[in-house]
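The values are calculated or read from the model by the stated rules, or taken from the named source; none is laboratory data. Just so it is clear, the model here is predicted, and its values are computed rather than measured. Neighbour counts are summed over all protein chains in view; Cβ atoms, including those assigned to glycine, are modelled from backbone coordinates with ideal geometry.
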Amino acid sequence: MSAAAVLNPEPAPILACTVSRDVSNFDLLIEDMEAELGESWGDLTFQDAVVFLAQPDADALEFIAIAVDGEDEHDLARISGIISEAKEKGIRVILIAEEVSPIALHQLLRLGADDFVPYPLPEGALHEAIERLGQSALPPELPHATDGAPTFQATGGRDGVILAVHGLAGGVGATTFAVNLAWELANPEPSKKAPVTAPRVCLIDLDFQYGSASTYLDLPRRELIFELLQDTAHMDAESFQQALLSFNDKMHVLTAPADMLPLDFVTGEDIERLLDMARANFDFVVVDMPSTVVSWTETVLTHAHVYFALLELDMRSAQNALRMIRALRAENLPAEKLRYVLNRAPKFTDLTGKSRVKRLAESLDISIEVQLTDAGRVVTQANDHGLPLALSAAKAPLRKEIQKLAQSILEVDRAAAAATA
């Protein structure tokens, strides 16, 4: 080796770049990039990135890390152009965001960002994101991980029952029903004939905008939920379990995200992966649906063993039920899976009310299989305290009715399991 080569070593090849308005605003990103890539990375402003990506030198990049914060939302068009240009050149994109609105973040992710990491960066988050890209900071002669192969694995050895809950109008009590049904399934009545093993139960709140299952159980909403939903292709049993919260060590809950998100933030494929993962790890999966019908409602309906449709004894519920039935039949979807639940039903002695219920069922050509009592303030107080009815008003008639329904579901499941044994 010549002396000149020693004195003037070739610079390390640039494998990645950060792209931001001012990288000094993301000091943790600088530290993590140095830890992962040493001197094999560079920094570009948004303006510089537009110019650089058009040059042949950009072809050597393995990925770019685009860092944005709330002040960058007015510049989404240029940032979107950078993502599109990078994707055209086959350059992977990691999006790093701090205090960016869910709508803006959703827009950037839909353009093709390969991974997302919140800022401030959690410890090891950038390293994990790079590994997921198959672009870890290994020497060039070592092979990278295979690109494009999803790591989704639904392991757990179970084959759970999916019970979806859909309110046919706002305020009909769908979430209250879902929360209490999940709790009653997780806490079956003891049997004198034989010991009863409590099933593993998971409650999933898919109302990304107004989901309140976390409120009714006094559970926090975490950013981890958003991260799981935006990259279900790389979800495994471990990451799914980490996103769940335990309530009283009896059941697990996947809450709605911390921020309001568009309902089309996920696709039918995302929901299918989520349900498959839940079924593989739990005996019963209760899904609290948004009242709005979205593109992936069909996915849940198709996978659900029972699809509870909640309504009240009023005109809006009747009209919405009719719309729902027509929509399902027009698309040749399994409308027969719907099980109609009448909430705030008339009391046993209310003969006029009973007659109205009968006329409602006949006019819609449906069977109302479950009628739930109006518990009034008892329900509001339980939800405000973050407790199921069983823990706050165990003797309430509504709690007894949901408990009876849960018990019948458990008995049917046990009979089916015995028949296939």
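Of note:
- Count of residues meeting criterion [crowded, with 17+ Cβ neighbours inside 10 Å and in a helix (DSSP H, G or I)] in segment 29-51: 7
- Boolean, SER214 is farther than 30 Å from MET315 by Cβ, among the small types (Gly, Ala, Ser) and touching a strand residue (DSSP E or B) at 6+ places or on another chain (Cβ under 8 Å): yes
- Residue in segment 357-375 that is among the hydroxyl-bearing types (Ser, Thr, Tyr), crowded, with 17+ Cβ neighbours inside 10 Å and modelled with pLDDT of 90 or more present: yes
- The set of residues in segment 376-421 being among the hydrophobic types (A, V, I, L, M, F, W, C), more than 30 Å from the chain's Cα centre (by Cα) and over 18 Å from ASN343 (Cβ atoms) consists of ALA394, ALA415, ALA418, ALA419, ALA421.
- Filtered residues of segment 305-344 (kept if among the β-branched types (Val, Ile, Thr) and closer than 17 Å to GLY171 by Cβ): VAL341
- Flag for LEU387 being surrounded by 12 or more Cβ atoms within 10 Å (Cβ to Cβ) and under 25 Å from ALA309 (Cβ atoms): no
- Checked against the criterion of being more than 25 Å from the chain's Cα centre (by Cα), within 20 Å of VAL161 (Cβ to Cβ) and not hydroxyl-bearing (Ser, Thr, Tyr), the candidates GLU336, GLU298, GLU312 yield just one match: GLU336.
- Subset of segment 222-254 (residues that are hydroxyl-bearing (Ser, Thr, Tyr) and modelled with pLDDT under 90): SER239
- Selection status of ARG339, of a type in the set (D, E, K, R), surrounded by 15 or more Cβ atoms within 10 Å (Cβ to Cβ) and at positive phi: no
- Matching residues, segment 54-65, being surrounded by fewer than 17 Cβ atoms within 10 Å (Cβ to Cβ) and assigned to a helix (DSSP H, G or I): PRO56, ASP57, ASP59, ALA60
- Given (1) out of contact with any Lys or Arg (no Cβ under 6 Å at 6 or more places or on another chain); (2) surrounded by fewer than 17 Cβ atoms within 10 Å (Cβ to Cβ), number of the condition ARG399 does not satisfy: (2)
- Hits in segment 275-307 (condition: assigned to a helix (DSSP H, G or I) and touching a strand residue (DSSP E or B) at 6+ places or on another chain (Cβ under 7 Å)): LEU275, ALA278, ARG279, VAL300, LEU301, HIS303
- For segment 73-103, filtering for residues that are modelled with pLDDT of 75 or more and either of a type in the set (Val, Ile, Thr) or in a helix (DSSP H, G or I) (or both) leaves 21.
- Taking helices (runs of 4 or more DSSP H) as the structural unit, those lying wholly within segment 125-221 and holding at least 3 residues that are at pLDDT 95 or above and either in contact with a Lys or Arg (Cβ under 9 Å, 6 or more places away or on another chain) or not assigned by TED's automatic domain parsing to the domain that holds ALA416 (or both) correspond to 174-186.
- Tally of residues being part of a loop (DSSP other than H, G, I, E, B) and modelled with pLDDT under 75 across segment 104-124: 2
- Flag for GLY353 being over 28 Å from the mean Cα position of the chain (by Cα) and not charged (D, E, K, R): yes
- Failed condition for PRO9, given (1) at pLDDT below 85; (2) within 30 Å of PHE265 (Cβ to Cβ): (2)
- Any chance VAL68 is within 24 Å of ASP264 (Cβ to Cβ) and outside any loop (DSSP other than H, G, I, E, B): yes
- Test for ILE409: is it assigned to a helix (DSSP H, G or I) and either in contact with a helix residue (DSSP H, G or I) (Cβ under 8 Å, 6 or more places away or on another chain) or aliphatic (A, V, I, L, M) (or both): yes
- Among residues of segment 181-240 being within 14 Å of the chain's Cα centre (by Cα) and of a type in the set (S, T, N, Q), the one that is surrounded by the most Cβ atoms within 10 Å (Cβ to Cβ) is SER214.
- Pairs with Cβ under 9 Å, 6+ apart, first in segment 264-283 and more than 18 Å from GLU238 (Cβ to Cβ), second among the aromatic types (Phe, Trp, Tyr) and part of a helix (DSSP H, G or I): PHE265/PHE226
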